[in-house]
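Notes to accompany the following structure.
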Amino acid sequence: MSDKDDPDTPAPGKGQHPKPHEPFVPPGAESTRELRDVSRRRREAEEKLQHHLQEVKEKPAED
């Protein structure tokens with residue numbers, strides 16, 4: 001079993017408060033802004049999913 005498969009090993013960034021994401025480049029063309037917006041929404045969705053999965057994992061099973 002590799003380190004990546006070990007459930008006791010915390011994933012990078014787990015347990016940390018997400019820091020606000022700021023663009024590294026000045027606003028540019030509309031397509032660039034749209035890509036940044038999609039990327040930002042994707043990051044937020046991934047963080048929300050990770051939070052939800054962590055809650056489900058910690059919740060006792062109801063059988």
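Summary table
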| quantity | calculated |
| --- | --- |
| Distance in nm between pseudo-label sites at S31 and R43 (7 Å out along the Cβ direction from Cα) | 2.3 |
| Within-12-Å neighbourhood charge of R42 [Cβ basis; K, R +1; D, E -1] | +1 |
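Every number in this text was worked out from the coordinates using simple rules, so none of it is lab data. All figures in this text were calculated on a predicted structure; none of them were measured in a lab. Please note: Cβ atoms are built from the backbone with ideal geometry, for glycine as well, and neighbour counts cover all protein chains shown.
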